[in-house]
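Participant: Dumping the structure here so I can ask a few things about it.
The values are calculated or read from the model by the stated rules, or taken from the named source; none is laboratory data. Predicted, not measured: the structure shown is a model, and the values here were computed from it. Here the Cβ positions follow ideal geometry from the backbone for every residue, glycine too, while neighbour counts run over all protein chains shown.
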Amino acid sequence: MIKANSIRKIQKASYIIFLGILMGSIGLLTKKPVLAQTPVPPQQGPVAITGATIHTVSHGVIQHGTVVFEEGIIIATGSGIDIPENAEIIDATGKHVYPGFIHGHTTLGLMEIARTQESTDLQETGQINPNIRAQVAFHPVSEHLAVAAVHGVTTVVPSLRGSLIAGRLAAMMTDGWTWEEMTIREGLGMVINLPSMRAPDAYQKDIRTLQEAFDKARRYQVARQAMSEGKATHHPYDIRWESMIPVLAGDMPVFISVGEIRQIQAAIAWVEKEGLKAVLVGNRDMELVASQLAERNIPVILSGVISGPARQWEGYGQAYKTPLQLFEAGVDFCIAGDMGAASTYRIHHHAASAVAFGLPEEEALRAITINAARILGIDDMLGSIEPGKEATLMITDGNALELWTSKIQVFIRGRKIEMMDKHLRLYEQYMEKHRQKQVPE
């Protein structure tokens with residue numbers, strides 16, 4: 001006799017097959033099937049953007065300036081600079097040039113539809129998974145990638161959930177054919193998800209599990225080192241503990257997700273005890289320990305500014321004021337915005353909201369460009385417009401933080417990406433419907 005759970009599995013598989021056939025049929029029948037953004041080839045020759053207001057982020061603003069890039073790398077910026085004879089010249093007079101936005105905490109690339117389990121790959125089974133590499137699961141044809149890219153979000157860090165030690169992070173481009181070519185840099189940090197403190201017994205159990213993992217990794221490190229020096233017999237290779245060695249050596253930070261003041265304080269105490277390099281990720285109560293974070297030089301990734309109060313006694317605008325409070329306290333921070341894949345493109349909305357509550361505009365821009373790059377360890381490649389860095393930038397018709405500003409063209413490693421996404425396709429489709437349905441006069 002077939003068991004009930006087996007029947008459910010068969011039904012679920014049949015449903016998935018049916019959906020696949022249905023979507024395939026729709027694609028064949030429609031004149032314009034819904035396709036992901038088509039990646040463009042590498043930069044073919046030098047490009048010069050001229051006459052623009054260039055917001056370098058690292059070296060101020062250049063009026064009526066020029067940016068020249070070749071083979072995906074910026075080779076010159078400034079006014080009155082020499083332009084290669086064979087360069088493609090883009091006249092951006094009256095326009096602005098900004099570095100691409102960097103989103104340091106998102107599910108983009110690891111989640112397509114939140115309610116569909118088959119399109120979500122945010123965690124693995126088990127509590128200790130330091131060997132997991134987020135970039136391997138990155139979905140290069142996600143519809144959300146193009147939406148982010150055409151809004152100027154050129155670099156994302158897909159985050160991992162669930163496990164106490166969830167795995168290693170990587171910085172990814174929002175345009176490309178495969179996850180391999182879209183990986184900017186891997187091994188940015190190790191994700192630690194601190195357990196909730198609402199259930200004390202469960203919290204203590206999880207903390208013991210986390211501590212035991214670090215203790216085992218340290219013993220493994222000592223044993224392997226002794227073996228390599230000929231001071232001990234063979235010690236078997238273990239991919240989990242091998243992945244922890246850069247963390248223990250201080251070469252790789254731990255990215256600790258925290259939800260409230262008790263978790264933040266516990267995280268600070270724990271990384272000090274363990275001698276770890278840390279980055280805190282969260283958007284609650286950071287301002288309450290701002291002086292401690294600044295004193296200990298612990299960076300913060302603010303996972304959202306547009307948010308309501310967490311407690312009855314908090315002001316409605318507390319989350320909006322947190323960036324200013326961290327800035328005034330001297331905390332190194334960046335803004336990550338919404339974690340949801342479908343909302344990743346809104347990162348500049350969060351930065352703009354922080355400006356409305358007192359954060360200087362230039363600091364808000366830095367919070368989603370160079371500050372994010374520095375905290376993530378990719379500031380040698382991205383985050384500002386200067387020679388030697390990747391030509392990952394955008395041309396806009398106004399202030400990049402203002403919601404009504406249009407991104408005219410986005411470049412990723414010098415490639416002029418296709419400025420089309422699902423939102424724009426649907427807009428054009430239904431505008432055409434409106435035109436067709438209009439009653440003639």
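Participant: Closer than 20 Å to Ile132 by Cβ, surrounded by fewer than 22 Cβ atoms within 10 Å (Cβ to Cβ) and modelled with pLDDT of 95 or more: which single residue out of Arg185, Arg161 fits that description? It would help to see each step written out before you state the result.
Facilitator: Details: Arg161 fails: modelled with pLDDT of 95 or more.
That would be Arg185, the only listed residue that is closer than 20 Å to Ile132 by Cβ, surrounded by fewer than 22 Cβ atoms within 10 Å (Cβ to Cβ) and modelled with pLDDT of 95 or more.
Participant: Right, something else. Considering segment 254-272 alone, what residues qualify as being touching a residue at least 40 places away in the same chain (Cβ under 8 Å) and aromatic (Phe, Trp, Tyr)?
Facilitator: The initial filter retains those residues of segment 254-272 that are touching a residue at least 40 places away in the same chain (Cβ under 8 Å), namely 254-260, 262-263, 266-267.
Answer for segment 254-272, where residues must be touching a residue at least 40 places away in the same chain (Cβ under 8 Å) and aromatic (Phe, Trp, Tyr): just Phe255.
Participant: Out of (1) crowded, with 23+ Cβ neighbours inside 10 Å; (2) not assigned by TED's automatic domain parsing to the domain that holds Thr50, the odd one out for Arg346 is which?
Facilitator: (1)
Participant: Within segment 32-107, considering only strands (runs of 3 or more DSSP E) that don't extend past its boundaries, which have at least 1 residues that are aromatic (Phe, Trp, Tyr)? Write out each step before concluding.
Facilitator: Values: elements: 47-55, 61-70, 73-78, 88-91, 96-99, 101-106.
Filter on segment 32-107 gives 61-70, 96-99, 101-106.
Participant: Looking at segment 249-260, is at least one residue part of a helix (DSSP H, G or I) and modelled with pLDDT under 95? Quick ask: steps written out before the conclusion?
Facilitator: So the first thing to find is which residues in segment 249-260 are part of a helix (DSSP H, G or I), and the list is none.
The answer is no; no qualifying residue exists.
Participant: Show me the helices (runs of 4 or more DSSP H) entirely contained within segment 121-237 in which 2 or more residues are closer than 30 Å to Trp404 by Cβ, outside the structural domain of Asp397 (by TED's automatic domain parsing) and touching a residue at least 24 places away in the same chain (Cβ under 8 Å).
Facilitator: Where helices (runs of 4 or more DSSP H) fall fully within segment 121-237 and carry at least 2 residues being closer than 30 Å to Trp404 by Cβ, outside the structural domain of Asp397 (by TED's automatic domain parsing) and touching a residue at least 24 places away in the same chain (Cβ under 8 Å), they are 143-150.
Participant: Here is a follow-up. Within segment 297-306, which residues are surrounded by fewer than 18 Cβ atoms within 10 Å (Cβ to Cβ) and at pLDDT below 95?
Facilitator: Ile306
Participant: For segment 362-399, name all the residues that are in contact with a helix residue (DSSP H, G or I) (Cβ under 6 Å, 6 or more places away or on another chain) and assigned to a loop (DSSP other than H, G, I, E, B).
Facilitator: Matches in segment 362-399: Ile368, Asp379, Leu382, Gly383, Ser384.
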